[in-house]
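As structure tokens, the structure follows; a few thoughts come after it.
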Amino acid sequence: MTPTLQLFLIISTALFSIGLLAALSRRHAIFILIGIELMLTAANLNFIAFWRFSAQPQQPTGVMVALFSIAIAAAEAGVGLALVIAIYRHYRTTDVDQFDQLKG
Amino acid sequence: MNSAAFFIIGIITLSGAFAAATLPKLIHAALSLVVAFVGMAAYFFLLGAEFVGLVQIFIYIGAVAVLIVFTILLTRREPDRDRGRNWGGAVVALAVFAGLLWTILKAKAFDVSAPSIQPLTVKQIGEHLMTNYVWPLQCVGLVLTAALIGALILVMEEKR
């Protein structure tokens, strides 16, 4: 028995939910970024799995989208961590509950 | 595609990701995240996308994980323990997981095995990047440059 597309989708769903759990339930800004990275990799696994199980795997569309998505994720991580450092300089904390200056 | 390899990689990836999401200390979570990324790269190798697996290792483990560790070290003044959790987030995540799982198990179109394919070489990927995907490639270069400049401006010391 070889793994079917279903099993890959279940793994990537589990990873996405774990990332969502990290992004929603933690109060530390870096944990939220870690959760977002996990969700992005889960999406990449979906792209690659759908490419591999598609009818025309000779067209590497899924691979290309996954590559571009990895590049965008790198840009997102760089800007996100720079934001965390800038906010830390201002508030002297990384607890997102205390970033409340824009709160109405 | 090997079934035993699939399940071993799955256990490693999911336990790494779960540890990254739930461990109380940040630096432990960042190192567990590396384990999860290695597992994802192994899945890419298993699926026949070797180049994407290598890119995953280079960028996610070589750059993103190291960047996260550096940020943790730069912002560590107060104790880095989390003060309490937001349990509503856990409920939402569980609900999303249950909904997606139900949909995946219900759809019959996903219950297929992989067709046998010719291996996708790096040369083919390069040719596609330089012909069909040249505009997206340029745009990604622009986005990366803008992100680099933006990150530098964000962390620059403010002039008094």
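Descriptive notes on the structure:
- Failed condition for residue A:16, given (1) touching a residue at least 24 places away in the same chain (Cβ under 8 Å); (2) surrounded by fewer than 21 Cβ atoms within 10 Å (Cβ to Cβ); (3) more than 7 Å from chain B (Cβ to nearest Cβ): (2)
- Answer residue from region A:19-32, given it is facing chain B (nearest Cβ under 7 Å) and out of contact with any Asp or Glu (no Cβ under 8 Å at 6 or more places or on another chain) and is surrounded by the most Cβ atoms within 10 Å (Cβ to Cβ) among those: A:22
- Selection from region A:34-51 of residues that are touching a residue at least 40 places away in the same chain (Cβ under 8 Å), at the interface with chain B (Cβ under 7 Å from one of its Cβ atoms) and either under 13 Å from the mean Cα position of the chain (by Cα) or farther than 30 Å from residue B:30 by Cβ (or both): A:37
- Boolean, residue B:134 is modelled with pLDDT of 80 or more and loosely packed, with under 13 Cβ neighbours inside 10 Å: yes
- Restricting attention to region A:59-85, the residues that are within 17 Å of residue B:52 (Cβ to Cβ) and within 7 Å of chain B (Cβ to nearest Cβ) total 10.
The values are calculated or read from the model by the stated rules, or taken from the named source; none is laboratory data. Being a predicted model, the structure only gives us computed values, none of them experimental. When we count neighbours, we look across all protein chains shown, and the Cβ atoms used for this are built from the backbone with ideal geometry, even at glycine.
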